[in-house]
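Down below is the structure, laid out as structure tokens.
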Amino acid sequence: MFVGLGVVAAIVIVFFWYVSTQNRLVAVRENVAQAWSNIDVLLKQRHDELQKLVDTCRQYMKYEQETFDKVLEARASIFGARRSSDPAALGKAESELRGRLGKLFALAENYPDLKANQTFLLLQQRISGLETGISDRRELYNAAVNANNVAIDQFPGNVVASIGGFKSAKLLEFDAASTADVDIKALFNT
């Protein structure tokens with residue numbers, strides 16, 4: 001009788017341990033999804049603002065079509081990476097866009113009327129603020145990914161993760177060029 005009761009108690013304990021671990025893994029997975037969603041909102045806002053910025057600049061910078069095209073190509077790459085939820089592709093596309101925006105803003109220095117345009121100034125400030133927000137959200141996303149991956153890889157969570165099909169997530173990383181100091185002189189010479 002005591003043996004049967006002990007077996008039932010062990011089964012109940014294992015069941016509650018499994019459910020508790022499963023719930024924790026679901027929570028960390030959902031934190032990753034929420035963090036990605038937060039980045040996605042800012043990327044969408046910046047996506048919309050970039051088109052407005054290019055349109056505003058076009059009015060003044062008639063001879064800079066190649067620069068506009070490259071900014072819009074980078075913008076399209078980010079949109080594609082957002083849709084596929086691919087952190088590696090997004091990191092690469094972000095690096096490309098940051099370089100192109102730096103060149104666009106450097107070229108704007110040659111157009112005094114553009115630099116004085118209120119719409120341009122507001123868009124420049126808005127995009128700069130969104131860049132800061134994306135950077136902050138990237139930190140939160142990577143922290144959520146780290147917590148998710150640790151929970152999945154550590155024992156006993158790895159047992160439940162393999163049974164439940166939980167997958168590790170990828171960090172959102174930018175290449176070294178996008179995190180290095182900007183060489184403003186080089187931007188003016190290109």
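Numbers at a glance
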read-out	value
Listed pairs LYS62/LYS103; LYS92/LYS115; LYS62/LYS92; LYS70/LYS170 exceeding 24 Å between Cα atoms	LYS92/LYS115; LYS62/LYS92; LYS70/LYS170
Cα-based Rg and Dmax for the stretch 2-189, where Dmax is the largest Cα-Cα distance (Å)	23.4, 89
Selection of trypsin sites (Lys or Arg not before Pro), the stretch 55-126, meeting DSSP coil and at most 12 other Cβ within 10 Å	LYS62
Principal-axis tilt of helix 65-84 within the chain, Cα atoms, nearest 10 degrees	10
Peptides ranked, highest mean first, by Cβ atoms within 10 Å: ranges 157-170, 41-54	41-54, 157-170
Descending semi-axes in Å of the stretch 1-82, equivalent ellipsoid built from Cα gyration tensor	59, 9, 5
Nearest-20 debye value, the stretch 2-189 charge dipole, Cβ charges on Lys, Arg, Asp, Glu	320
Dipole-positive endmost among LEU101, GLY4, LEU140 within the stretch 1-155 (Cβ charges, Cα centre)	GLY4
Selection from TRP17, GLN51, LEU122 lying farthest towards where the dipole of the chain points positive, charges on Cβ	TRP17
GluC sites (Glu not before Pro) within the stretch 76-177, DSSP loop, no more than 15 other Cβ atoms inside 10 Å	GLU109
Helix axis angle, 118-153 relative to the chain longest principal axis, alpha carbon, degrees	20
For ALA169, distant residues with modelled amide H under 5 Å away	ASN149
Hits among aspartates and glutamates - C-alpha to C-alpha of LYS44 under 20 Å, sequence gap 8 or more where chains match	ASP55, ASP69, GLU73, ASP86, GLU94, GLU96, GLU131, ASP136, GLU139, GLU173
Mean Cα-pair separation over length for the chain, i.e. relative contact order, pairs under 8 Å, 6 or more apart, %	33
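Read the figures in this text as sums done on the coordinates, not as results from a lab. These numbers come from a predicted model, not from an experiment. Reconstructed Cβ throughout: ideal geometry from the backbone, glycine too, with neighbour counts over all protein chains shown.
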